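The values are calculated or read from the model by the stated rules, or taken from the named source; none is laboratory data. Source: prediction; values computed, not measured. Neighbour counts run over all protein chains shown; Cβ positions are idealised from the backbone, glycine included.
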């Protein structure tokens, strides 16, 4: 059985391959296995080390990938000069410290969403990355989702007309976080990053309502309203207390309307040629309706996390700013912060400057 | 062909039948044909006259029911002493004047939802009905819907545990009203009457956000939050600008959760044996989940409008207060008013006293 | 209250209006109320008499339409020379005798599907109608369904390419017939009439499998295969024993595929730009796939039964052959007969000549 | 970064671990990556070698799992005495020869469904495995699917009453096989193995209809009928030419009915408390219906392929016959053969002895 392929032979464990980005992963919880699997699939990346405080979690990893070094100390990863880039997939409260250390150790850094626990922290990370000349990227996965990108493309094309409002519902049962963050910090980064991607700029302000049912003081149901220039509205409903999982976004514009249901296997997007428009020729207040075809455009599905991992590696290699850079991360956190503020003030409109 | 059935023979047009409630209908627009059809099906009711300003609408009616008198003057109905009861299915702004005249003419009155354009008007109608000793009923159709009643029954049984929140989505394309009322006055009476029916008392207060896209100053998209004693929350999303029709209510409680989708043909209600609960025995903040069966109880479907028409006739005959009496109508209008107020004040929480 | 509209005044009960087709209906069972309602809506038709052996059924009718004469004797209708046309909505076994008598009494005749209990009976009715110079029409309602007609139009346009096969599923719980006919005679006339409408000619032959579970000797589950020239196939699955109601037809062609789900409220038809095609340039056996957009064309929905009633009246008035004439009825019955034959012979292919 | 976990250290590539079953995989096509992933997850299994004629396919594997030996020669695997068991995931036509060689080389063998290209081949493999005292298992994955097992359990409990029939629809676009096998050999092994599992014995006979649209002589659409003792029926519709993917099985019995939709994410199984039953007390032919609740039992989902891989390893270690042993594979192939025969004879009922 001599015929081991050449590629396999060359692959001495932990040996440096030219052009390959060597990765360390910090945090191997719920999302960790997905990150490892997707990073392993990127041709020019190599996962060389993973750290987690909980060694039980690492066991399954060691059986599958005996060549990956496992550690309970993230410092082992920062100190290893053979590691080029670090992925941080830990609770939000630790993002800042870990990302800071990683950047200061000379690593490129990818942080799971949200980038950090405050805008101030985000700003500091952006500044450190700038000084260190390292890539800082945040894991707004949905901005790499082909369905989200398809709707972006349709919006940019003008086919839908003038945007009126976006409504997003992201509810399911759990998963309550152990770090005391509410449902907004857990789920809404997805909606917010998608909405900012589609609209292309920040809202003028934010209002939010929230309520805590299971844990005192930690909202598990929330409603967020973003007011954009030109009267454009976005509304987000997130919940950890729902009988069925829903991931549904509706985009209403003056000419057509779009539906994006992320749980649909076959028709994730539908563009409805439907609209209501004021009849300006009528003496009376009359609204005309158009009811046309509904089109579900074919979208070539690629796993968003895979696309995101590839983009991180490409950004490192090209030195170009990633699509979801530190600024993008800070924008989302700005809205999360304002939502919390608004909830505390009974839904007051928090102006963003 | 002598064999015309006996019942048919007896039926001289407009002849008084003992025990039969003779009805006049004012307004034969979108909803009118449904009212006529359902009232005709009530054994002890008889539609004897219909009025509408638009005689074209009455044409189709005359062909089908040659014995029904048609008129463009509602006064013809008020003056006709052979008419016992009046159904008002006109724009909201006219409800008060028409209902008042009808009551003062000695008729029992059924008014389509919402009862009137303000709480003050509602109060006045309740007072007149009391003095006139006539039945005053409002058309909160959903309170006669077997699916809504089934959930009521389940809630009362305690099976779901302690109620946390109710979320209601009622959106579709149009129909914009010609009388300048916003989407809240058009659609939300349904949600509000259902929610009050389920919860059994008034909220402490109301907040609302709204936005106008098609007609200046007339909200076509709105979000309403009702805060009930004990931290119970209800949220309502209504819209005239949506690509697809949705009528979906979610009831989340401490033990189980219920879904009610009025557009489902076969499984309108689902009870999910699912919950999230704080583990009080754990040192850490830990939430436990229960994921059990989902049951769609069989509901014997009867057309709600038919049930409602029957209830109106029964209430007249028995002299008992109808389920959806003037007070019930006033409660819903109170919340509609407060919603409008809150929108004008940027979502401020309007306390109900 | 003098303002009764003019039309209403003119309408003396049972008085002849010029140009109006006066109708008698025989059989007021499950389908009867729908027929009366839809015929009443046709401007130039008037239902003047209804007969049913069961007088209880007629009671509700008499309350609603006191001017319609009710009888337990169908002869009353045949003998009434003021009646122009007769609708027969009775069990299949009686169709032939009733339609024959009606035609011989000089009436135009509409028979609910299937036209008669055998091809021989159909032939005889066609011949009598020809001699009597009366319109004979069969109630293949789906041929008046806008969704079915839309697919017809798409098929004729060539957009789908060459037709491969049609698959139809029509299953639900019940309703078992009291006249001993199997599920094929009850449900399959719909599928067969639609398929013949779409394909435009008769199959070369028929095979069928059936099984009886609830009533001995009366198939309640059946599968029918129609073989058309050019290798085109149609398959029909009908059942009275199914947990959920399904009405789903799939049209597979060389370029595109169509789905027609009659129970969908909003997207009854979908055209999928999908196909599998043999790659003739490849050395190996290779099949290429195309996965494009899915389009749900807007179909302006009109109640098929209403369209059908109008067409019957129009055919009488114009003297033109109706779309679903006696021949159309005979074709469907030919296939029903062949299906029964094939079941008895274990699925043998019954050649139609 | 010395903290590599102990487990990882012990794992010298290709070193024998006591109690661990060392696996070789032959064929790394469409299904291969899933097999490797799931086998890697079984604690007491280790994938040590993979062979495929196409070296390009193996490349991705080598990057991820540098310790797995890769080869284009399956003989390398047969000859390696350190390998305990072989998984065969190649085209059907090669199953017999490869499985035979593997067994004769002293390996335990797992063959993807269907077991072999004929009953004769299956018999021979069973015999060789018996003589060699090795485990022979076939990959009827659905027999390890928790939803299928849940329905089994419900059927055994008697809750549904007497079984009437099973209807199965398994259609999608493609994937045409390169080895000249028709859609029955590709898709129907799933339906057949599930049905045999549920019913618990072989049918008396088989009829089938099939048609070829894309490739001459290779049926891409087929219908199979299995007749079981006691009048129980099963019907299978498989197709490579369908606009939408469907995997739906219906189980109809005398008391209740079950639906199993494998594409549903949340409610894969529904048990409908619905039935039609002959009223034996009635003089007339009367059928009574029961329409009760619909229950979707919670099923704890585990990946079927993972369960299957574990069962293979367990069977090897315990020496017990696997659930889906050679006999089970032969039974399915017997029905596939009979289906082909029946199609060639125009749907003739092929009696199984």
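Considering the conditions (1) within 30 Å of residue D:278 (Cβ to Cβ); (2) part of a helix (DSSP H, G or I); (3) within 16 Å of the chain's Cα centre (by Cα), residue D:168 is excluded by exactly one of them, (2).
In this structure, does residue C:219 turn out to be without any contact (Cβ under 8 Å) to a residue 40 or more places away in the chain and either over 30 Å from residue D:284 (Cβ atoms) or touching a strand residue (DSSP E or B) at 6+ places or on another chain (Cβ under 8 Å) (or both)? The answer is no for residue C:219. Against the condition assigned to a helix (DSSP H, G or I) and touching a residue at least 24 places away in the same chain (Cβ under 8 Å), how does residue C:316 come out, does it pass? For residue C:316, the condition - assigned to a helix (DSSP H, G or I) and touching a residue at least 24 places away in the same chain (Cβ under 8 Å) - is met.
Looking at region B:323-353 only, could you name the residues that are within 30 Å of residue B:270 (Cβ to Cβ) and within 15 Å of the chain's Cα centre (by Cα)?
B:323, B:324, B:328, B:331, B:332, B:335, B:336
Does residue C:179 satisfy the criteria of being assigned by TED's automatic domain parsing to the domain that holds residue C:242 and either surrounded by fewer than 21 Cβ atoms within 10 Å (Cβ to Cβ) or on the phi > 0 side of the Ramachandran plot (or both)? In short, yes. Within region B:126-140, the residues that satisfy the criterion of being surrounded by fewer than 24 Cβ atoms within 10 Å (Cβ to Cβ) and touching a residue at least 12 places away in the same chain (Cβ under 8 Å) are B:126, B:128, B:129, B:132, B:134.
Residue count for region D:171-181, restricted to those that are closer than 16 Å to residue D:339 by Cα and touching a strand residue (DSSP E or B) at 6+ places or on another chain (Cβ under 7 Å): 0. If I go through region C:68-82 residue by residue, how many of them are more than 30 Å from residue C:336 (Cβ to Cβ) and buried (at least 22 other Cβ atoms within 10 Å of the Cβ)? Result for region C:68-82: 4. Annotation for region D:129-136: no member residue is farther than 27 Å from residue C:168 by Cα, modelled with pLDDT of 95 or more and within 13 Å of the chain's Cα centre (by Cα).
Among all residues of region A:154-176, there is at least one that is more than 14 Å from every other protein chain (Cβ to nearest Cβ), within 20 Å of residue A:249 (Cα to Cα) and crowded, with 17+ Cβ neighbours inside 10 Å. Under the condition of being surrounded by 14 or more Cβ atoms within 10 Å (Cβ to Cβ) and not in a strand (DSSP E or B), the residues counted in region B:273-285 number 1.
Residues of region C:67-93 being facing chain B (nearest Cβ under 7 Å), touching a residue at least 24 places away in the same chain (Cβ under 8 Å) and either closer than 18 Å to residue C:42 by Cα or touching a helix residue (DSSP H, G or I) at 6+ places or on another chain (Cβ under 6 Å) (or both), which ones? Correct list: C:67 only. When you check residue D:149 against the structure, is it surrounded by fewer than 20 Cβ atoms within 10 Å (Cβ to Cβ) and without any contact (Cβ under 8 Å) to a residue 24 or more places away in the chain, yes or no? Here the answer is yes, as residue D:149 does meet what is asked.
Taking the conditions (1) part of a loop (DSSP other than H, G, I, E, B); (2) surrounded by 19 or more Cβ atoms within 10 Å (Cβ to Cβ); (3) at the interface with another protein chain (Cβ under 7 Å from one of its Cβ atoms) in turn, residue C:322 satisfies each one other than (3).
Per-residue answers, yes or no, for (1) over 16 Å from residue A:166 (Cα atoms); (2) modelled with pLDDT of 95 or more; (3) in contact with a strand residue (DSSP E or B) (Cβ under 7 Å, 6 or more places away or on another chain):
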{"residue": "B:201", "(1), (2), (3)": "yes, yes, no"}
{"residue": "B:211", "(1), (2), (3)": "no, yes, yes"}
{"residue": "B:224", "(1), (2), (3)": "yes, yes, yes"}
{"residue": "B:233", "(1), (2), (3)": "yes, yes, yes"}
{"residue": "B:242", "(1), (2), (3)": "no, yes, yes"}
{"residue": "B:247", "(1), (2), (3)": "yes, yes, yes"}
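Taking region A:177-266 as the region of interest, the strands (runs of 3 or more DSSP E) fully inside it that hold 1 or more residues being within 29 Å of residue B:216 (Cα to Cα), facing chain B (nearest Cβ under 7 Å) and out of contact with any helix residue (DSSP H, G or I) (no Cβ under 9 Å at 6 or more places or on another chain) are A:221-227, A:233-239, A:246-253, A:257-261.
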